[in-house]
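First the structure, then my questions, so here it is.
Please treat every number below as a calculation from the coordinates, not as lab data. Note that the coordinates shown come from a computational prediction; the quantities given were computed from them, not determined experimentally. In this analysis, Cβ positions are derived from the backbone assuming ideal geometry, glycine residues included, and neighbour counts consider all displayed protein chains.
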Amino acid sequence: MNDDECTRESWHRASPFESLLRLDHDELQAFNDLPPVPDRVTERLCRLVLLGILPAVVERDLLAFGAALDELQARIGAAFAPVQGSIYASARSEGLIADLGRLGLSGAGQSSWGPTLYAFGILSEPERDLVASRLRDRYGLHPAAITWTKAANQGAALACADEGEA
């Protein structure tokens with residue numbers, strides 16, 4: 001893939017929404033119960049962000065970005081495993097993340113305790129539809145449970161609407 005095809009704006013993010021909120025779990029207590037993260041793990045996380053993820057974004061290298069983010073998520077998940085039971089919030093989430101990789105996406109992970117998962121790829125609309133269809137069929141997900149967004153190379157823009165437009 002050449003630089004013209006691999007712009008950050010061409011990166012798509014899949015967000016399968018897993019409705020597995022841990023409402024019975026006291027999140028604050030979970031953080032208090034976590035053992036300290038060893039310095040060597042924190043150092044590796046910093047290296048992954050500073051020498052892996054950030055340069056890959058600047059260089060428009062989705063494969064390097066995804067590989068570094070995959071490792072970052074696995075290491076962070078391992079730190080949370082004592083309170084969430086595994087690297088990911090559920091076996092189902094773990095399966096979805098593995099399937100995202102098998103379906104050609106990279107940089108897969110979960111938001112905080114879940115329930116939202118994400119992965120990145122450069123996929124055409126038919127490819128995105130196929131990924132979404134396979135995940136919905138395999139996991140019984142609602143059609144609206146998988147969304148696709150494009151990466152933005154700028155921050156959010158807020159504008160005030162005239163009273164007549166609101």
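By counting other Cβ atoms within 10 Å of each Cβ, how are 37, 57 ranked from fewest to most?
If I rank by nearby Cβ atoms, fewest first, I get 37, 57.
P(r) for the range 23-92: what percent of alpha-carbon pairs falls in each 5 Å bin, starting at zero?
For the range 23-92, the binned pair fractions read 4, 16, 21, 19, 15, 13, 8, 3, 0 percent.
Taking 0.36 nm per residue of sequence separation and subtracting the Cα-Cα distance, how much length would be gained by fully extending the chain between residue 58 and residue 91, in nm to one decimal?
Result: 8.5 nm gained on full extension.
With point charges of +1 on the Cβ of Lys and Arg and -1 on the Cβ of Asp and Glu, referenced to the Cα centre of the range 86-130, which listed residue (90, 123, 103) lies farthest in the positive direction of the dipole?
Among 90, 123, 103, the one farthest towards the positive end of the dipole of the range 86-130 is 90.
Kirkwood hydrodynamic radius (Cα pairs, Å) of the range 44-166?
One over the average 1/r among Cα pairs gives 16.2 Å for the range 44-166.
A follow-up question, please. Place a +1 charge on the Cβ of each Lys and Arg in the range 24-115 and a -1 charge on the Cβ of each Asp and Glu, then give the dipole magnitude about the Cα centre in debye, rounded to the nearest 20.
I would put it at about 300 debye.
Could you check the simple spin-label distance between residue 138 and residue 39, using points 7 Å along Cα→Cβ, in nm with one decimal?
4.1 nm
Under a crude label model (7 Å from the Cα following the beta-carbon direction), how far is residue 161 from residue 129 in nanometres?
Modelled inter-label distance: 3.1 nm.
Here's another thing I want to ask about it. Under a plain spin-label model, where a point goes 7 Å from the Cα along Cα-to-Cβ, how far apart in nm are residue 152 and residue 74?
That separation, rounded to one decimal, is 3.2 nm.
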